[in-house]
Amino acid sequence: QVQLVESGGGLVQAGGSLRLSCAASGRTYAMAWFRQAPGKERKFVAAISWSGGSTDYEDSVKGRFTISRDNAENTMYLQMNSLKPEDTAVYYCAGSPVHRGVGLTTEYDYDYWGQGTQVTVSS
């Protein structure tokens with residue numbers, strides 16, 4: 001069992017930036033970020049392969065968000081630029097103990113989850 005802990009959330013004005021981190025207690029393969037706005041389903045944001053060589057993004061964040069990982073530190077990151085009020089949500093990191101690549105875009109593809117970190121973007 002791998003435990004994931006997110007950090008880096010907070011309040012930021014529209015157009016600003018935040019960098020989220022997800023620290024893992026052990027090795028994970030494919031990892032991803034999801035977000036959940038109040039009253040909404042948890043939605044896919046971005047994913048990264050075990051090697052870090054492949055990434056996938058939800059259309060609304062392409063060109064603004066960058067997912068990366070440092071396997072030596074068992075840490076995944078989400079750099080969020082040009083933030084919009086629509087990005088406001090609780091952000092969760094997720095990991096898979098079996099999948100290596102990307103293309104996993106539902107929460108049911110992942111087994112390891114963090115507790116979430118709140119991102120609030122004001123207009």
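With all protein chains present, how much of the accessible area of the stretch 22-123 (probe radius 1.4 Å) comes from carbon and sulfur, to the nearest whole percent? It would help to have the intermediate numbers written out before the result.
On the way: 2190 of 4820 Å².
Ligands and nucleic acids excluded, carbon and sulfur reach 45 percent.
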- [ ] Using only protein heavy atoms and a 1.4 Å probe, report how much of Val90 is accessible, in Å² to the nearest 10.
- [x] 40
Task: Residue order for Lys62, Lys84 - accessible surface, 1.4 angstrom probe, largest first - done: Lys62, Lys84
- [ ] Please tell me the relative contact order of the chain in percent, rounded to the nearest whole number, where contacts are Cα pairs under 8 Å and at least six residues apart.
- [x] 37
Task: Accessible solvent surface per residue of the chain, calculated while the other protein chains remain in place, 1.4 angstrom probe, Å² - done: 49
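Going from the alpha-carbon gyration tensor of the stretch 49-94, what semi-axes, largest first and in whole Å, does one get by taking the root of 5 times each eigenvalue? Present the calculation step by step, with values, prior to reporting the outcome.
Values: eigenvalues 89, 30, 16 Å².
Equivalent ellipsoid of the stretch 49-94: 21, 12, 9 Å, largest first.
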TODO: Return the whole-Å distance between the Cα centroid of the stretch 8-39 and the Cα centroid of the stretch 102-119.
DONE: 10
Task: Calculated P(r) of the chain - Cα pairs past 17 Å, % - done: 50
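Provide the three semi-axes, in whole Å and in decreasing order, of the ellipsoid equivalent to the stretch 1-55 as defined by the square roots of 5 times the Cα gyration tensor eigenvalues.
Working: eigenvalues 99, 39, 36 Å².
Ellipsoid half-lengths, sorted descending, are 22, 14, 13 Å.
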TODO: Which order do the peptides 30-37, 67-74, 107-114 take when ranked by the mean count of other beta-carbon atoms within 10 Å per residue, highest first?
DONE: 30-37, 107-114, 67-74
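For the stretch 10-123, with only Lys/Arg (+1) and Asp/Glu (-1) charged at the beta-carbon, what is the dipole magnitude about the Cα centre, in debye rounded to 20? Please report the intermediate quantities before stating the final value.
Numbers: 11 positive and 11 negative charges, 31 e Å.
Computed charge dipole of the stretch 10-123: roughly 160 debye.
The values are calculated or read from the model by the stated rules, or taken from the named source; none is laboratory data. None of the values given here were measured: they were computed from a predicted structure. Note that we place each Cβ from the backbone using ideal geometry, even for glycine, and neighbour counts take in every protein chain shown. In case anyone asks, the SASA skips ligands and DNA or RNA and just uses the protein heavy atoms, side chains included. Shrake-Rupley method; radii C 1.70, N 1.55, O 1.52, S 1.80 Å.
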